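Contents: one structure, followed by commentary.
Here, each number is a calculation from the coordinates, and none is a lab measurement. Here the structure is a predicted model, which means the values were calculated and not measured. Glycine gets a Cβ as well: all are built from the backbone with ideal geometry, and neighbour counts include every protein chain shown.
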Amino acid sequence: MSGRDRAVIVLLSGPNLQLFGERHPEVYGRETLAEQEMRARHTAEELGYALEHVQSDAEAELVAAVHEARGRAAALVVNAGALTHYGWSLSEALASFGGVVVELHVSNPDARERWRRRSVIAPVADGTVAGFGGLGYELAVEAAARLLSEREGG
C-alpha cells in the first residue's frame, strides 16, 4: 500500500517545539522534534497510516494546516505548545475538523505552573495524552488510530 492509499494522520507542532532536545531538557527530554516525529511516523506506519508533520511558530500557519487537512486527513495529533493556553483561532479551526483530534503534551501540564493547566484545545479534542515524554508521540498516534477504528466499527 502506498502512502497515497493510506489514511493520513497529521501531526501539528506549535511554537518553539523545534527546540526540543536543547530547551529545558529536564522538562521536555533530550530527543529532538525530528526524533519525536520519527517515533510518531513509525507508529502510524505500523498501524497502516501515513503521517504528515507541520511545525510552525505562527498560529496562522497551524490554522491553515488544519483547514488543509479537512476532508483529507483522518486525524490530527496536536502538540500546540504555548498555543494550548491561548490559541483561540487554532481551537476554532480544530473544532471545524471532522476527524479525530488528539491533544499531546510531552510534559504533564497539571504538574506544572497554574497557567499551564488551562487548555483551549482540550474542549475540541477527543482526548489528551500528557506527561509521557517522547512516548507520548507514539501513544497519541495509537489513540488516534484506535478511535478511528472504533468510529469505523472495527
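What to note about this one:
- Flag for Ser91 being in contact with a helix residue (DSSP H, G or I) (Cβ under 7 Å, 6 or more places away or on another chain), without any contact (Cβ under 8 Å) to a residue 40 or more places away in the chain, surrounded by 15 or more Cβ atoms within 10 Å (Cβ to Cβ) and part of a helix (DSSP H, G or I): yes
- Checking Leu62 against (1) within 13 Å of the chain's Cα centre (by Cα); (2) within 22 Å of Arg30 (Cα to Cα); (3) not in a strand (DSSP E or B), the condition it does not meet: (2)
- Counting the residues of segment 36-84 that are out of contact with any helix residue (DSSP H, G or I) (no Cβ under 7 Å at 6 or more places or on another chain), more than 22 Å from Arg146 (Cβ to Cβ) and surrounded by 20 or more Cβ atoms within 10 Å (Cβ to Cβ) gives 2.
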